[in-house]
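Q: The following block contains the structure, expressed as structure tokens.
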Amino acid sequence: SPGTEWGPAAERPGSSLLTRQLQELWRKSRGSLAPQRLLFEVTSASVVSERSSKYVLYTIYLIRSGRFDKAPAAIARRYSDFERLNRRLRCRFGCDMAGVAFPRKRLRRNFTAETIAKRSRAFEQFLSHLHSIAEIRRSPEFLEFFFLQDLRAAQRLTCTGMYREALATWANAYRLQDRLGVCGSGRFLLTLAGLAVCHQELDELGEAHGCCEQALQLLEAQGSHPLLGPFLQAHVHLAWKVGKDKRRSEARLQDLREAGPPLQQQPTLKECLIKEPLE
């Protein structure tokens, strides 16, 4: 929620921009993550052959019950990704995981239509069961299974100037976090930064401005945050370009200037994106 505090990690000089604040944020926002009926549906499964290996890639849609999603949030994962998530969660949430079923590894017949169909249903039930357990639903292990791959790919594409491809990947990461109810986290602010930068590079200035607006609403209660200055600077520049009111952001920038180090040393949104390690 917009009023979430970031805790002392935000104040540590030289700390990784957002990653260290993530655990703290999720710990504090436990109460505000309302359970939403979320359906996990395997919509396709394809056999992928690489040089020395063959595996099945499952495409899963995250669907909000009772709503029509124009643009679905989707992930593609293989058995080993699910297995890793299962292992990590059993390590940390032994009691909660005791009743959660996971499909066993098979030595053969992994690529028959029957096995793939059974596994598809099992993965849907596995994710639904995990999402129904509050502690697990809010854990970084569970959440990052869904969107960390997209964030890393989007960051790579942005760094190499492939803005159109990066935009689609940031947008999917945005939808995933929205469905999972974590729109107050550091990862979500990074996603908004990615969307703003790509829209701006593609000369879609109205959209870029909208992303900055949303980020600044989330940062409303923040006296200081590593992304506040860069978002304010981007917002002022974009508001001027698209003919929107920039006075509020200019006033907040002025307050920041008076409170802290010179803003010449502030990185741009793009520099923040490039430097942020996504562990």
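The values are calculated or read from the model by the stated rules, or taken from the named source; none is laboratory data. As the structure is a computational prediction, the values presented were derived from the model and not from experiment. Because the Cβ atoms are built from the backbone with ideal geometry, glycine has one as well, and the counts that use them run over all protein chains shown. Ligands, DNA and RNA are excluded from the accessible area calculation, which covers all protein heavy atoms including side chains. Shrake-Rupley method; radii C 1.70, N 1.55, O 1.52, S 1.80 Å.
Q: Kindly check whether there is at least one residue in segment 177-193 that is of a type in the set (Gly, Ala, Ser), open to solvent by 20 Å² or more (accessible area, probe 1.4 Å) and not in a loop (DSSP other than H, G, I, E, B). Before you say what the answer is, go through the steps one by one.
A: First, the residues of segment 177-193 that are of a type in the set (Gly, Ala, Ser): 181, 184-186, 193.
Still in the list and also open to solvent by 20 Å² or more (accessible area, probe 1.4 Å): 181.
Filter once more, so that each one left must be not in a loop (DSSP other than H, G, I, E, B): none.
No, segment 177-193 contains no residue that is of a type in the set (Gly, Ala, Ser), open to solvent by 20 Å² or more (accessible area, probe 1.4 Å) and not in a loop (DSSP other than H, G, I, E, B).
Q: Right, something else. Please specify each residue of segment 23-42 satisfying the condition of being closer than 30 Å to Asn110 by Cα and at pLDDT below 95. Before the answer, list the steps.
A: As a first pass, look at segment 23-42 and keep what is closer than 30 Å to Asn110 by Cα: 38-42.
If the condition is that a residue be closer than 30 Å to Asn110 by Cα and at pLDDT below 95, then Leu38, Leu39 are the ones that fit.
Q: While we're here: Take Ala171 and tell me if it is touching a residue at least 40 places away in the same chain (Cβ under 8 Å), in a loop (DSSP other than H, G, I, E, B), closer than 30 Å to Arg37 by Cβ and hydrophobic (A, V, I, L, M, F, W, C). I'd like the intermediate steps shown before the answer.
A: Numbers: touching a residue at least 40 places away in the same chain (Cβ under 8 Å): yes; in a loop (DSSP other than H, G, I, E, B): no; closer than 30 Å to Arg37 by Cβ: yes; hydrophobic (A, V, I, L, M, F, W, C): yes.
The answer is no for Ala171.
Q: Out of Glu165, Glu144, Glu213, which single residue is outside the structural domain of Lys241 (by the TED database), assigned to a helix (DSSP H, G or I) and either touching a residue at least 24 places away in the same chain (Cβ under 8 Å) or not hydrophobic (A, V, I, L, M, F, W, C) (or both)? Steps first, answer last, please.
A: Details: Glu165 fails: outside the structural domain of Lys241 (by the TED database); Glu213 fails: outside the structural domain of Lys241 (by the TED database).
Being outside the structural domain of Lys241 (by the TED database), assigned to a helix (DSSP H, G or I) and either touching a residue at least 24 places away in the same chain (Cβ under 8 Å) or not hydrophobic (A, V, I, L, M, F, W, C) (or both) holds for just one of Glu165, Glu144, Glu213, which is Glu144.
Q: Taking Val236 as the residue in question, decide whether it is open to solvent by less than 40 Å² (accessible area, probe 1.4 Å) and not in a helix (DSSP H, G or I). I'd like the intermediate steps shown before the answer.
A: Details: open to solvent by less than 40 Å² (accessible area, probe 1.4 Å): yes; not in a helix (DSSP H, G or I): no.
The answer is no for Val236.
Q: Working only within segment 38-81, note down all residues that are among the charged types (D, E, K, R) and either exposed (fewer than 11 other Cβ atoms within 10 Å of the Cβ) or more than 19 Å from Ala171 (Cα to Cα) (or both). Steps first, please.
A: Of segment 38-81, the ones among the charged types (D, E, K, R) are 41, 50-51, 54, 64, 67, 69-70, 77-78, 81.
Once the filter is applied, which keeps residues that are among the charged types (D, E, K, R) and either exposed (fewer than 11 other Cβ atoms within 10 Å of the Cβ) or more than 19 Å from Ala171 (Cα to Cα) (or both), segment 38-81 yields Glu41, Glu50, Arg51, Lys54, Arg67, Lys70, Arg78, Asp81.
Q: Evaluate segment 203-222: report whether one residue or more is in contact with a Pro (Cβ under 6 Å, 6 or more places away or on another chain), open to solvent by less than 40 Å² (accessible area, probe 1.4 Å), closer than 22 Å to Pro277 by Cβ and not hydroxyl-bearing (Ser, Thr, Tyr).
A: Among the residues of segment 203-222, at least one is in contact with a Pro (Cβ under 6 Å, 6 or more places away or on another chain), open to solvent by less than 40 Å² (accessible area, probe 1.4 Å), closer than 22 Å to Pro277 by Cβ and not hydroxyl-bearing (Ser, Thr, Tyr), which makes the answer yes.
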